[in-house]
Amino acid sequence: MLPTVHIGIPAMDENDYLFDTLKCIERQNYAGKIQTYICVNQPEWWHDDDNKRDICKRNAELLEKLRERKKGLIVIDKTTKGNGWATKKKSGVGVARQTLLNEILERATEKDIFVSMDADCTFGNNYINSVVCNLEKNKQFSAFNSPYYHRLTSNENADRGILRYEIYMRIFLLNMLRIKSPFAFTAFGSAIACRIKTCKSLGNFDAHQAGEDFYFLQKIVKHEKISLYGDEIITPSSRMSDRVPFGTGKAIATMEKEERTYPIFHHSFFDKIAEAYQILDSLYKKDIHSELFDFLQSTSKEKESIWTSIRENSSSLQQFKRMFHQKCDGLKIFQFLRQQAEQNPFCDEVSLIDFFSTFFPDFSIDKNFSFKNSSTEILSEIRDFLFAEEQKARAEHDKILSQF
């Protein structure tokens, strides 16, 4: 018997996008049952904010349209007066995903599958079937981090922003896969599928205003195996948004203002992480220095050596390594890369050109390449090449993990 797939979608001011996503769900060729949950949400105090009342009105309209559809939908009202998010600390997409998953866990069995989705994504008719086949075929994987490919628009500035953002994201993941970091994944809320059993054992999304997808995936990776490769992809929209402090929409809006919030980290920074990984055997025996080890010690609240306490609680080298990666997780890696970028500044173009000349020398990039001035056609060619290479690296990742 095929597992039921429970799709959770947070929706805030999504009238222009959500129904295209629902059409994609309705067209799925999956032979099992699909149950879709939508949380229409907003902060409670927006009802009294003149600048937010239009969103409140559109949310109310969306809620009514969804209730009229009824078929295949479970709608959670976190938008009408008295039902919105009560505090600023818990008022964003994180608590919406948390609310959705709580509802799903009440209804699902451990054999079912949870799919996290965004309200502005489209995908092919075989997408859900491919997700289920991936997890059912590979029992050692507890979750799936779907490949993605943003839709472009007729707006050159928006396209330039999303292409720049995708290039940043893909170079980051390719480097993380290259150094075989356990925390190689792409944090998109619409690119996550997970066994219900795993959700129940590891817990829910955190109630962050943004970044909840990153922390959810990181939590899974710390305890379970995650699959990265699939031949079906999701295609998020390329809209600009200031509704969350970071994420795709915010990234595009930020890049419009030419702020370097998402720098392309030079590949040499990742090499320093790889070098630290390679000497963990020595660190297990005694304290040694590396830039990564020293960074982790400097950011620790512990005054004494953090490695001593880990050694004392490790009965083997293998356990020591597991505990090391609990300490040196995806967030710490990102913070280390940020520090490296501040101490050793490279402009994005140099980081990009150096990355290609080192790992893909056959792909020619003009020495005068510029994210600001080069054509969107050139940016698109770079994005497409990186997408193809990332798919190869994702497949290799799954092949290696499936052997253990």
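Bear in mind that the values in this text are calculations on the coordinates, not laboratory data. Just so we're clear, the structure is a prediction, and the values are computed from it rather than from any experiment. Virtual Cβ from ideal backbone geometry, glycine too; neighbours counted across all protein chains shown.
Taking Ser237, Ser146, Ser305 as the candidate residues, the one with maximal mean-square fluctuation in a Gaussian network model of the chain, Cα springs under 10 Å, is Ser305.
Among the aspartates and glutamates, which have Cα under 17 Å from the Cα of Lys222 when same-chain residues fewer than 8 positions away are ignored? The qualifying aspartates and glutamates are Asp206, Glu212, Asp213, Asp329, Asp398. Remark: the Ser282-Arg151 segment gains 42.5 nm on full extension, using 0.36 nm per residue and subtracting the alpha carbon distance. For region 39-196, a crude dipole built from +1 on the beta carbon of Lys and Arg and -1 on the beta carbon of Asp and Glu, taken about the Cα centre, is about 400 debye to the nearest 20. Here is the list for region 348-383: chymotrypsin sites (Phe, Trp or Tyr not before Pro) lying in DSSP coil, each with at most 14 other C-beta atoms within 10 angstrom of its C-beta, are Phe363. When DSSP beta bridges are restricted to pairs lying wholly in the chain, around 30% turn out antiparallel.
Is the shape of region 267-401 best called rounded, prolate or oblate, per the rule: a/c under 1.5 gives rounded, else a/b larger than b/c gives prolate, else oblate, with a ≥ b ≥ c the square roots of the Cα gyration tensor eigenvalues? Prolate, because a/c is 1.5 or more and a/b exceeds b/c.
Taking region 12-55 and a reference point 7 angstrom along Cα→Cβ of Glu68, the backbone N atoms nearer than 18 Å belong to 13-23, 40. What is the chain by shape, rounded, prolate or oblate, if you read a ≥ b ≥ c off the alpha carbon gyration tensor as root eigenvalues and call it rounded for a/c under 1.5, prolate for a/b larger than b/c, and oblate otherwise? Because a/c hits 1.5 or more and a/b exceeds b/c, the chain counts as prolate.
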